[in-house]
Amino acid sequence: MARDLGELNREDFARYKDDVKKEGKPFFPPAILHDTIMSLVVVCVIVALAAIWYYTADGVKSGLLGPWYTEPADAGTTNFIPRPDWYFYFLFYLLRIFKWPETVFIATVGIPTICLVLLLGLPFYDRRRERRPTHRPVAMVAAVLTILSMAVLTWKGATAKEALGSELVLLVPTWAQEQGFTGNEQAEKGATLFAQSGCLNCHTYLGQGGGNLGAPDLSSIGASNDAAFFVQYLTNPAAFGNTVMGSYSYLGQDNLDALGAFLAASKGPK
């Protein structure tokens with residue numbers, strides 16, 4: 001009686017597995033064939049998604065995968081806070097933990113580089129033949145902790161909140177009361193401009209702001225200089241050795257005077 005096809009297939013598969021265990025799996029043609037097929041599948045999926053995106057949308061009219069293009073961005077908006085793509089959220093949140101200038105290098109270069117070097121060196125320092133997860137506790141614990149860490153940091157980065165300029169304006173009366181310039185119309189106008197102009201993306205003021213790029217806390221900046229100095233500084237920071245901060249001369253003289261008055265009145269909480 002002839003053996004059924006299933007039994008023959010099982011024997012062939014068992015023989016194949018035994019040969020692979022004894023002699024290894026050749027790179028050509030099996031590995032190249034598998035990679036070629038997988039690459040073709042990926043390309044086909046990309047082409048299909050591109051076709052769906054193109055043929056279901058019409059200009060700014062959104063299709064299944066979004067519109068062809070959106071309205072031009074408003075470069076002067078104060079209500080938009082740029083954020084990285086989702087796969088950089090973990091690094092984005094690391095920058096909220098490590099503050100400039102003492103430790104930001106650790107977050108931006110140190111930790112990612114160390115992890116990448118350890119990953120690239122894995123085939124060289126882990127040469128054991130054992131691959132069962134239950135027999136590799138150190139490797140499994142390291143992998144799980146890495147995945148959990150990146151997952152938590154990604155989630156924290158995705159849910160992190162930054163105050164918009166319109167929201168910061170609501171703090172102006174509190175700033176005026178704490179700093180003692182309530183009733184000073186020019187200083188209050190300057191505080192509103194300060195909140196709307198994105199200054200707190202880098203600086204901090206009475207506990208608010210990003211504190212990035214080495215930008216100082218401005219809560220008590222008025223104790224060291226007068227309004228005229230701040231107007232000159234805002235007009236051309238590079239003249240004072242600050243090549244990171246851009247000029248605010250585009251705001252006009254009246255607004256610069258208001259900002260100068262605000263900064264001069266910021267001598268620290270009363």
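Some notes on this structure:
- Residue in segment 42-51 that is under 30 Å from Arg129 (Cα atoms) and not basic (Lys, Arg) present: no
- Screening Thr204 with (1) in contact with a helix residue (DSSP H, G or I) (Cβ under 6 Å, 6 or more places away or on another chain); (2) within 25 Å of Pro82 (Cα to Cα); (3) buried (at least 17 other Cβ atoms within 10 Å of the Cβ) gives one miss only, at (1).
- Which listed residue, of Ala215, Ala264, is assigned to a helix (DSSP H, G or I) and hydrophobic (A, V, I, L, M, F, W, C): Ala264
For every residue, the table says whether it meets (1) surrounded by 12 or more Cβ atoms within 10 Å (Cβ to Cβ); (2) in contact (Cβ under 8 Å) with a residue 12 or more places away in the chain.
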{"position": "Tyr93", "(1), (2)": "yes, yes"}
{"position": "Ile106", "(1), (2)": "yes, no"}
{"position": "Ile114", "(1), (2)": "no, no"}
{"position": "Phe124", "(1), (2)": "no, no"}
{"position": "Leu145", "(1), (2)": "no, no"}
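- Filter result for Ala258 (part of a helix (DSSP H, G or I), more than 30 Å from Leu94 (Cβ to Cβ) and touching a Lys or Arg at 6+ places or on another chain (Cβ under 6 Å)): yes
- Every residue from segment 179-191 that is among the polar types (S, T, N, Q) and surrounded by fewer than 20 Cβ atoms within 10 Å (Cβ to Cβ): Thr182, Asn184, Gln186
- Only residues that are closer than 17 Å to Gln196 by Cβ and without any contact (Cβ under 8 Å) to a residue 24 or more places away in the chain were counted in segment 213-246, giving 1.
- Within segment 47-61, if we keep just the residues that are in contact (Cβ under 8 Å) with a residue 12 or more places away in the chain and of a type in the set (Phe, Trp, Tyr), the residue that is surrounded by the fewest Cβ atoms within 10 Å (Cβ to Cβ) turns out to be Tyr54.
- Out of Ala143, Ala191, sole residue that is of a type in the set (Gly, Ala, Ser) and closer than 26 Å to Leu263 by Cβ: Ala191
Each reported figure results from applying straightforward, stated rules to the coordinates on display, with no laboratory input. Quick caveat: nothing in here was measured; it's all calculated off a predicted structure. Cβ sites come from the backbone with ideal geometry, for glycine too, and all protein chains shown count toward neighbours.
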